[in-house]
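Participant: Right, I'll just put the structure down here and ask away after.
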Amino acid sequence: MDQSPVHKGELDGIAQRLDTLIELISRAVPPRPRAPDFAAADAFVWNAAGAELEPIARVNRVDIDLLQGVDSARDQLLANTQRFAKGFAANNVLLWGARGMGKSSLVKAVHARVNADFEKAGRSERLKLVEIHREDIESLPALMRLIRDGNHRTILFCDDLSFDTGDASYKSLKAALDGGIEGRPDTVLFYATSNRRHLLPRDMIENERSTAINPGEAVEEKVSLSDRFGLWLGFHKCSQDEYLAMIDAYVTHHGLDYDADRLRAEALEWSTTRGSRSGRVAFQFIQDLAGRLNRTL
């Protein structure tokens, strides 16, 4: 029988509401993670919203030989990364301390050096570097599952990692690093940089100590996060000599022709106006100098 106009209109309304409901459900359901194409690049950024790894064709980094004043940390991180890349035991690493001293630069430089050594030796292995943003830490377990079965050894890297008062996402990091029955995949290490040794603000830890029934246990819960990192590398403010060594290394590397005495005086004045000495301040001075010399870096 032919449907009356009233009945047809009702059916169209129901169909429209169903389409709207299906669209809302599809938005609420997380996207299915895509298998990573590790052949696309050596470095990736984790897109938590799209549940995929985005390849980075050109990584923003400096050569490891330009990182001055961090010799001990450099050697330890490089050795740990080399062992891991070759299939041996290695530790998660927390690089903590003074800002601008090359923590994140060192991670990226070490990654490049390890792959360069593999290439020089004629080996086909490639160490992968995946950056996960601080705000996406809760998706870390999903990322680890995604790359668990990959054929490449992978460093997960989070720059400037810290947690504020009331932020419970640090529990996801603890579980992903060491906890759970699955544990951390053998092909994955986690490297993080932070200005805080324990990743959590001091007032958060002190508040737990003052309000908890068992202060010791409450503080232990917070501090134990950094214990998940087997290797701690501390970065401290550099001396004047170390700062000037950074300047000299950059000048030599980029072939900047400048009077040595003027270079020293201007570099020191630059650090005084900034109120600090660090690798970042040294590089910013070199950028200014190169611009004045009509050069590019």
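The values are calculated or read from the model by the stated rules, or taken from the named source; none is laboratory data. The model shown is predicted, which means the values in this text are computed figures rather than measured ones. Cβ placement follows ideal geometry from the backbone for every residue including glycine, while neighbour counts extend to all protein chains displayed.
Participant: Hey, which of the helices (runs of 4 or more DSSP H) in region 122-220, taking only ones fully inside, have at least 2 residues that are modelled with pLDDT of 65 or more? Please lay out each step first, then the result.
Facilitator: Working: elements: 140-147, 170-177, 202-211.
Hits in region 122-220: 140-147, 170-177.
Participant: Taking region 56-78 only, how many residues are surrounded by fewer than 15 Cβ atoms within 10 Å (Cβ to Cβ) and either among the charged types (D, E, K, R) or farther than 30 Å from Ser239 by Cβ (or both)?
Facilitator: 6
Participant: Of everything in region 236-251, what is crowded, with 18+ Cβ neighbours inside 10 Å and modelled with pLDDT of 90 or more? Give them in sequence order. Working first, answer last.
Facilitator: The first filter runs over region 236-251 and keeps only residues crowded, with 18+ Cβ neighbours inside 10 Å, leaving 238, 242-244, 246-247, 249-251.
Within region 236-251, Glu242, Tyr243, Leu244, Met246, Ile247, Ala249, Tyr250, Val251 qualify.
Participant: Does Asn92 count as surrounded by fewer than 18 Cβ atoms within 10 Å (Cβ to Cβ), assigned by TED's automatic domain parsing to the domain that holds Asp136, within 17 Å of the chain's Cα centre (by Cα) and in contact (Cβ under 8 Å) with a residue 40 or more places away in the chain?
Facilitator: On the way: surrounded by fewer than 18 Cβ atoms within 10 Å (Cβ to Cβ): no; assigned by TED's automatic domain parsing to the domain that holds Asp136: yes; within 17 Å of the chain's Cα centre (by Cα): yes; in contact (Cβ under 8 Å) with a residue 40 or more places away in the chain: yes.
So Asn92 fails the test.
Participant: Moving on. May I ask you to list the residues in region 1-48 that are loosely packed, with under 10 Cβ neighbours inside 10 Å, of a type in the set (Gly, Ala, Ser) and either modelled with pLDDT of 80 or more or in a loop (DSSP other than H, G, I, E, B) (or both)?
Facilitator: Ser4, Ala39
Participant: Oh, and also: Mind listing whichever residues of region 264-283 are on the phi < 0 side of the Ramachandran plot and free of Cβ contacts under 8 Å to residues at least 12 places away in the same chain? Spell out how you get there, then give the answer.
Facilitator: So in region 264-283, the residues on the phi < 0 side of the Ramachandran plot come out as 264-274, 276-283.
Within region 264-283, Ala265, Glu269, Thr272, Thr273, Arg274 qualify.
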